[in-house]
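Notes for the one structure printed next.
A short reminder: the numbers here are calculations on the coordinates, not readings from a lab. The structure presented is a predicted model; accordingly, all values stated were derived computationally and were not measured. So basically every Cβ, Gly included, is an ideal-geometry build from the backbone, and we count neighbours across all protein chains shown.
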Amino acid sequence: MHHLISPKDTIYIHDRHHLEKLNGLSFTDSSATLNCNSKTGNKVSIALGLGKFEPTKHKLYFSDTVWKFIHNEKRIDHLIAKNLIDDKLAYGVDGDFPKTEIKYIKIKFNGNWLTIPKSSFANFYEVHTETIEAYLSKDKKFIFLYISASDGIGSYAIKFVFDKTKFVTRLISTNECTDGFDFLDALPQDCQ
């Protein structure tokens, strides 16, 4: 399943194999950095940091109880998973507290820092720093940052889109029938 901020965001779906990959990823369990000079001389630096998720600093709403009455007695019928943290759908959780959250994403393009609001990444948890990939669009106007994550049960991937000055949008996929990031940019026949 794909989640777009706007239906117009489909214009950012590209076959990443035709884009310029930005190499130079270094990572630890809690951070990732990428420093690269593109083939056309653009200098790109990306830093992502993770931190411990602190439940007391968030509004949590993981499930909703559905009740039924049997012989005038109120009983639990079932639970509906909500997986909301701070009133947003939380990715990387399955009814329990996440262990890690993204603390920051910083990008510098040709010496200028991009504006990246915390709201663009605030609901992503359990990120895998070792799988991060970044690309430049063919026209060199956009940076695409790919991140995958999972709590061990359900996985998801994000494609962040940035122009030369700021965050533009993000595409999210919870499709688990393919490997890697291909399902963010197009679904193979087997997954349709």
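Here are a few things to note about the model shown:
- Added length on full extension, which subtracts the Cα-Cα distance from 0.36 nm per residue, D77 to K166: 27.4 nm
- Between F27 and I153, the FRET efficiency estimated from the beta carbon spacing at R0 = 22 angstrom works out to 0.45.
- Each principal axis of segment 2-191 carries a Cα extent, and these read 74, 40, 27 Å when sorted largest first.
- Annotation: peptides 101-109, 13-21, ranked by per-residue average of other Cβ atoms within 10 Å with the highest first, follow the order 101-109, 13-21.
- Straightening the chain between D87 and T115 buys 7.7 nm, computed as 0.36 nm per residue apart minus the Cα-Cα spacing.
- Over 22 Å between alpha carbons, listed pairs K57/K88; K43/K159; K106/K141; K21/K103; K88/K108: K21/K103; K88/K108
- Distance between modelled label sites at H17 and F62, nm, 7 Å Cα→Cβ extension: 4.0 nm
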